[in-house]
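J.: Right, I'll just put the structure down here and ask away after.
The values are calculated or read from the model by the stated rules, or taken from the named source; none is laboratory data. What you see is a predicted model, and the numbers here were worked out from it, not measured in a lab. All Cβ positions, even for glycine, are placed from backbone atoms using ideal geometry, and neighbour counts span all protein chains on display.
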Amino acid sequence: MSVEATQTAMTLTDHLPVLQVVVPLVTAPLIVLIGSRRLTWTLAFVASVISFAIAILLLMQVIDGSVISYNIGGWAPPLGIEYRVDAANAFVLLLVTGISTVVLPYARESVRSEIPARHHTLFYAAFMLCLTGLLGVAITGDAFNVFVFLEISSLSTYVLISMGSYRDKRALTASYDYLIMGTIGATFFVIGLGMLYMATGTLNMADLAERIADQGSNRTIRAAFAFIVVGMGLKVAIYPLHLWLPNAYTYAPSAVTTFLAATATKVAIYVLLRFTLSIFQPNFLFQVNTLEFIILPFAILAMFAASFIAIFQTDFKRMLAYSSIAQIGYMLLGISLLSENGLTATVAHLFNHGITKATLFMGVGILVLRAGGSFYNRIQGMGETMPWTSAAIVIGGLSLIGVPGTAGFISKWVLIEATIEKGWWPVSVLIVLSSLLAVIYVWRVIETLYLKAPLAGTDYKEAPLSMLIPMWILALACIYFGFATDVTINAARTAAQGLLAGSAGML
Amino acid sequence: MGFELTQEYTLGHLNYWLFSVLMMTGLYIVVAKGNLVKKIVGLNIFQTSVFMLYISMGKVIGGTAPIFPLDMEIDPDVIYTNPLPHVLILTAIVVGIATTSLGLALIVRIQEEFNTIEEEDLLQIERAIAHSENAIHGEPMGGRA
Amino acid sequence: MRHHLILRVITKMLVGAIMLFAFYVQFHGDFSPGGGFQAGVIMAVAFILYGLVFSLQDVQHVFPPWLVHKLIALGVLLYAGTGVVSMFLGNSFLDYGAFTPEHPSHGQHYGIFAVELGVGITVTAVMVAIYYAFAGRPPRLSDEEW
């Protein structure tokens with residue numbers, strides 16, 4: 001590397017933003033080209049570790065609020081495509097690469113048991129493409145590029161979900177439903193982008209923000225806003241647009257569910273944040289109204305309705321899927337507050353819920369591996385036979401409720417603070433009430449695992465270490481970030497400030 | 001708002017009218033038709049409407065094809081059509097093809113596993129599976145939302 | 001299709017011409033409308049036509065499925081690799097000017113050439129792969145039942 005560094009103008013450090021995307025992108029075809037089942041996993045894991053390292057380096061560069069800009073092909077923005085890293089998306093990059101790095105060691109065993117060996121190379125190739133797409137969505141500063149990467153990640157997600165069909169054929173219909181809804185969402189998003197382009201003549205995010213601020217709100221821009229919010233809403237699974245999510249999460253292979261639950265919806269929320277706050281002017285009346293009278297009620301509805309449904313599930317995995325919809329409600333609530341604290345809560349919850357849900361879904365994956373299913377009566381009493389797995393599930397469950405000392409508490413606390421600061425105390429009460437619902441559904445799991453007698457004739461071994469260690473890394477992270485609050489909150493606050501500053505934050 | 005149905009409003013926005021009609025046709029097919037292949041057809045019509053929106057918006061009246069003359073001497077009086085939306089839509093078309101083929105591939109697998117590609121039948125089969133699962137796994141209050 | 005003599009003869013004559021046209025569209029793409037996407041589809045059409053008129057086995061004998069899969073990956077790698085090379089030459093990712101620093105527009109010519117070649121290979125292989133995937137499934141109706 002030093003040879004290049006000495007003789008050229010740009011060093012490797014300057015290339016970090018594009019390498020973030022290129023490393024997994026190159027790995028995917030490489031996996032297919034080499035086609036060796038033994039090397040596949042190693043390649044994917046190495047690529048993921050490199051991406052993670054890059055994400056850390058990028059976050060360290062921008063944590064002080066600065067912005068890195070990288071011109072693809074040497075074409076300067078606004079004409080060329082620009083990769084733009086600031087605190088907000090560096091945070092998302094870190095989450096995505098971090099989760100993928102933890103999930104991959106876990107996936108090895110889980111995938112081996114759930115997917116036939118002849119598909120392993122294709123599975124990891126699709127996984128890498130999904131990672132590429134998610135990272136690309138987060139890092140790019142070009143609005144149309146968001147769509148392209150979104151589709152890369154979505155298409156590979158459909159493939160990954162359908163691979164669950166070797167365990168349950170309903171994965172196919174789940175994947176098909178997601179394909180239809182996801183495509184409608186992405187197409188709505190493109191229609192919105194087209195209208196933005198009509199109104200402004202540019203697709204660069206920073207440039208868009210500037211021009212929209214200059215010309216003010218008009219009908220085209222309002223229509224574009226509506227299309228983009230609905231389109232991304234489908235990807236985020238905002239409450240009434242969530243119908244694809246429970247089946248997709250339930251029937252996908254465990255490793256895929258873990259990865260998607262922790263990253264895919266979070267990246268979509270980031271895009272929603274970026275568009276509503278940085279590109280459109282958050283002070284336009286139309287937007288304030290949309291957030292306050294549409295997003296806010298739906299967020300609260302999600303918190304309650306999805307939690308209620310979660311309580312009555314008989315399948316642990318499906319219960320977690322519904323709880324994800326409820327948790328997305330908290331993040332949307334933070335956005336609709338349109339205040340610095342609200343956004344801090346959203347960004348922090350994005351991260352905290354990511355690690356929490358990943359822990360829990362990993363637990364489900366282990367239970368599925370041993371018990372062959374995640375129905376409550378299949379897994380009952382496994383707290384005795386599999387103490388380590390069950391303990392990690394309990395930690396994840398506590399963090400999901402928001403018990404003090406866990407990561408989930410911090411973001412909910414900031415969220416409640418933000419609502420009180422805004423004077424919306426009934427909303428604060430609702431947050432607490434909906435957390436009580438979480439207590440019920442998490443309690444059901446704990447009761448099943450610990451208080452019920454194990455099924456007769458079962459003798460489950462503890463999970464293999466390759467699955468336990470990633471799970472415990474995340475479980476300990478849930479606790480660590482529950483005490484080291486300043487780390488997440490400070491990063492989230494820098495991100496929120498950058499986002500809220502509107503166009504100024506982008507420049 | 002009190003707008004008139006002027007010629008400018010109707011014919012002048014012909015591309016938008018066509019876009020809306022196509023878009024609604026596509027969306028309607030996706031929602032209303034029970035056959036999975038027909039849904040994909042509808043999705044294609046829906047996406048095509050967006051292609052049309054972009055391509056028509058790139059057209060500059062009186063503009064010519066945006067190709068440089070061979071001698072690279074550009075006449076400042078010549079108006080060029082905006083090529084950017086076309087290029088963008090090239091990408092979207094590729095995405096559309098990928099989505100369609102993936103969707104069709106899924107349909108083939110669904111046909112193989114469920115022996116039907118009618119939504120009603122699929123729902124019935126899935127409901128039957130869920131029902132038997134509920135019967136085995138206790139508490140019938142579960143069920144699917 | 002064994003009895004359709006005219007179809008078979010015409011196809012044999014056409015396949016070569018279609019491929020030639022694909023190459024024309026591919027390599028003339030920087031002077032006239034064309035490029036990897038179009039050329040790739042045209043090239044794939046040659047294989048698909050051959051497969052339709054003769055049989056899947058025949059076309060897979062010429063263009064085996066494992067090769068198709070490798071070519072899909074190879075094309076993408078060629079594209080991304082061009083970008084990586086330009087990066088190691090000291091410019092941005094996909095900045096083709098890096099190939100000939102003294103005369104950047106020539107470098108752009110080479111860069112587009114490599115990238116479009118990658119696109120062409122991948123599109124050909126993907127189109128053929130889609131055809132193989134669907135044609136390779138056992139049909140529910142045999143030809144006689146139509």
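J.: Can you tell me which residue within the range C:2-37, out of those that are outside any helix (DSSP H, G or I) and surrounded by 12 or more Cβ atoms within 10 Å (Cβ to Cβ), is farthest from the chain's Cα centre (by Cα)?
T.: For the range C:2-37, the residue satisfying everything is C:D30.
J.: Can you tell me how many residues in the range C:81-107 are of a type in the set (A, V, I, L, M, F, W, C), without any contact (Cβ under 8 Å) to a residue 12 or more places away in the chain and not in a loop (DSSP other than H, G, I, E, B)?
T.: Within the range C:81-107, residues that are of a type in the set (A, V, I, L, M, F, W, C), without any contact (Cβ under 8 Å) to a residue 12 or more places away in the chain and not in a loop (DSSP other than H, G, I, E, B) number 3.
J.: On to the next question. Looking at B:F46, is it crowded, with 19+ Cβ neighbours inside 10 Å, facing chain A (nearest Cβ under 9 Å) and closer than 20 Å to A:G182 by Cβ?
T.: Yes, satisfied.
J.: Here's something else I'd like to know. Of (1) more than 10 Å from chain A (Cβ to nearest Cβ); (2) surrounded by 13 or more Cβ atoms within 10 Å (Cβ to Cβ); (3) free of Cβ contacts under 8 Å to residues at least 60 places away in the same chain; (4) not hydroxyl-bearing (S, T, Y), B:A98 satisfies all except one. Which?
T.: Of the numbered conditions (1) more than 10 Å from chain A (Cβ to nearest Cβ); (2) surrounded by 13 or more Cβ atoms within 10 Å (Cβ to Cβ); (3) free of Cβ contacts under 8 Å to residues at least 60 places away in the same chain; (4) not hydroxyl-bearing (S, T, Y), the odd one out for B:A98 is (1).
J.: I'd like the residue in the range A:1-18 that is within 18 Å of C:A80 (Cα to Cα) and at the interface with chain C (Cβ under 8 Å from one of its Cβ atoms) and, out of all such residues, is modelled with the highest pLDDT.
T.: The qualifying residue modelled with the highest pLDDT is A:V18.
J.: Answer yes or no: is there a residue in the range A:39-56 that is in contact (Cβ under 8 Å) with a residue 24 or more places away in the chain, among the hydroxyl-bearing types (S, T, Y), farther than 28 Å from C:A98 by Cα and within 14 Å of chain C (Cβ to nearest Cβ).
T.: yes
J.: Another question, then. Look at the range A:372-389 and say how many of its residues are over 20 Å from A:W472 (Cα atoms) and not hydroxyl-bearing (S, T, Y).
T.: 7
J.: Among the listed residues B:G63, B:G138, identify the single one that is modelled with pLDDT under 90 and facing chain A (nearest Cβ under 10 Å).
T.: B:G138
J.: Of these, A:Y460, A:Y480, which one is at pLDDT 90 or above and either over 18 Å from A:V103 (Cβ atoms) or charged (D, E, K, R) (or both)?
T.: A:Y480
J.: Quick one: which of C:G40, C:G75 is without any contact (Cβ under 8 Å) to a residue 60 or more places away in the chain and part of a helix (DSSP H, G or I)?
T.: Unique residue meeting the criteria: C:G75.
J.: Which residues, taken from the range A:211-230, are surrounded by fewer than 24 Cβ atoms within 10 Å (Cβ to Cβ) and over 28 Å from the mean Cα position of the chain (by Cα)?
T.: Across the range A:211-230, the qualifying residues are A:R211, A:A213, A:D214, A:Q215, A:G216, A:S217, A:N218, A:R219, A:T220.
J.: Shifting gears a bit: If A:S69 satisfies all but one of (1) surrounded by 19 or more Cβ atoms within 10 Å (Cβ to Cβ); (2) over 22 Å from the mean Cα position of the chain (by Cα); (3) closer than 30 Å to C:G90 by Cα; (4) not β-branched (V, I, T), what's the number of the condition it fails?
T.: Checking A:S69 against (1) surrounded by 19 or more Cβ atoms within 10 Å (Cβ to Cβ); (2) over 22 Å from the mean Cα position of the chain (by Cα); (3) closer than 30 Å to C:G90 by Cα; (4) not β-branched (V, I, T), the one that fails is (1).
J.: In addition: Determine which single condition B:I110 fails, assuming it passes every other condition in (1) part of a helix (DSSP H, G or I); (2) in contact with a Gly (Cβ under 9 Å, 6 or more places away or on another chain); (3) facing chain A (nearest Cβ under 10 Å).
T.: Every condition holds for B:I110 apart from (2).
J.: Could you check the range A:417-430 and list, in sequence order, the residues that are surrounded by fewer than 20 Cβ atoms within 10 Å (Cβ to Cβ) and at negative phi?
T.: Residues satisfying the conditions are A:E417, A:I420, A:E421, A:K422, A:W424, A:W425, A:P426, A:S428, A:V429, A:L430.
J.: Something else now. Going by the structure shown, is A:G73 part of a loop (DSSP other than H, G, I, E, B), over 30 Å from A:E340 (Cα atoms) and touching a helix residue (DSSP H, G or I) at 6+ places or on another chain (Cβ under 9 Å)?
T.: Considered against the rule, which asks whether it is part of a loop (DSSP other than H, G, I, E, B), over 30 Å from A:E340 (Cα atoms) and touching a helix residue (DSSP H, G or I) at 6+ places or on another chain (Cβ under 9 Å), A:G73 comes out as no.
J.: All but one of (1) part of a helix (DSSP H, G or I); (2) under 25 Å from B:K33 (Cα atoms); (3) more than 9 Å from every other protein chain (Cβ to nearest Cβ) hold for B:H131; state the number of the condition that does not hold.
T.: (2)
J.: From the set of residues in the range A:143-183 that are facing chain B (nearest Cβ under 7 Å) and over 20 Å from the mean Cα position of the chain (by Cα), which is surrounded by the most Cβ atoms within 10 Å (Cβ to Cβ)?
T.: A:Y176
J.: Would it be correct to say that C:V62 is more than 9 Å from chain A (Cβ to nearest Cβ) and more than 20 Å from A:G80 (Cα to Cα)?
T.: yes
J.: Also, quick follow-up: Taking A:I54 as the residue in question, decide whether it is assigned to a helix (DSSP H, G or I) and under 21 Å from A:D142 (Cα atoms).
T.: The answer is yes for A:I54.
J.: Can you tell me which of (1) within 11 Å of another protein chain (Cβ to nearest Cβ); (2) in contact with a Gly (Cβ under 9 Å, 6 or more places away or on another chain) is the one C:A129 doesn't meet?
T.: Every listed condition holds for C:A129 apart from (2).
J.: Another question about this same structure. Has the range A:231-241 got any residue that is hydroxyl-bearing (S, T, Y) and more than 18 Å from the chain's Cα centre (by Cα)?
T.: No, there is no match, as no residue in the range A:231-241 is hydroxyl-bearing (S, T, Y) and more than 18 Å from the chain's Cα centre (by Cα).
J.: Against the definition (assigned to a helix (DSSP H, G or I), within 14 Å of chain B (Cβ to nearest Cβ) and aliphatic (A, V, I, L, M)), how does A:L350 come out, yes or no?
T.: Here the answer is no, as A:L350 does not meet what is asked.
J.: Which ones in the range A:84-123 are in contact with a Leu (Cβ under 7 Å, 6 or more places away or on another chain), among the β-branched types (V, I, T) and over 18 Å from A:V46 (Cα atoms)?
T.: Passing the criteria: only A:V85.
J.: Moving on. What single numbered condition from (1) modelled with pLDDT under 90; (2) surrounded by fewer than 20 Cβ atoms within 10 Å (Cβ to Cβ) fails to hold for A:M382?
T.: (2)
J.: Can you give me the number of residues within the range A:284-308 that are under 14 Å from A:Q327 (Cβ atoms), of a type in the set (A, V, I, L, M) and buried (at least 16 other Cβ atoms within 10 Å of the Cβ)?
T.: Going through the range A:284-308 one residue at a time, the tally reaches 6.
J.: Also, quick follow-up: Provide a single number: the residues in the range A:48-62 that are among the aliphatic types (A, V, I, L, M) and within 17 Å of the chain's Cα centre (by Cα).
T.: 1
J.: Still on this structure, I have one more. Out of contact with any strand residue (DSSP E or B) (no Cβ under 6 Å at 6 or more places or on another chain) and surrounded by fewer than 22 Cβ atoms within 10 Å (Cβ to Cβ) - does that describe any residue in the range A:321-334?
T.: Scanning the range A:321-334, I find no residue that is out of contact with any strand residue (DSSP E or B) (no Cβ under 6 Å at 6 or more places or on another chain) and surrounded by fewer than 22 Cβ atoms within 10 Å (Cβ to Cβ), so the answer is no.
J.: Residues A:K235, A:K266: which one is touching a residue at least 24 places away in the same chain (Cβ under 8 Å) and within 22 Å of A:G396 (Cα to Cα)?
T.: After ruling out the rest, the residue left standing is A:K266.
J.: Could you tell me whether any residue of the range A:23-41 is closer than 23 Å to A:I355 by Cα, more than 21 Å from the chain's Cα centre (by Cα) and either in a helix (DSSP H, G or I) or aliphatic (A, V, I, L, M) (or both)?
T.: yes
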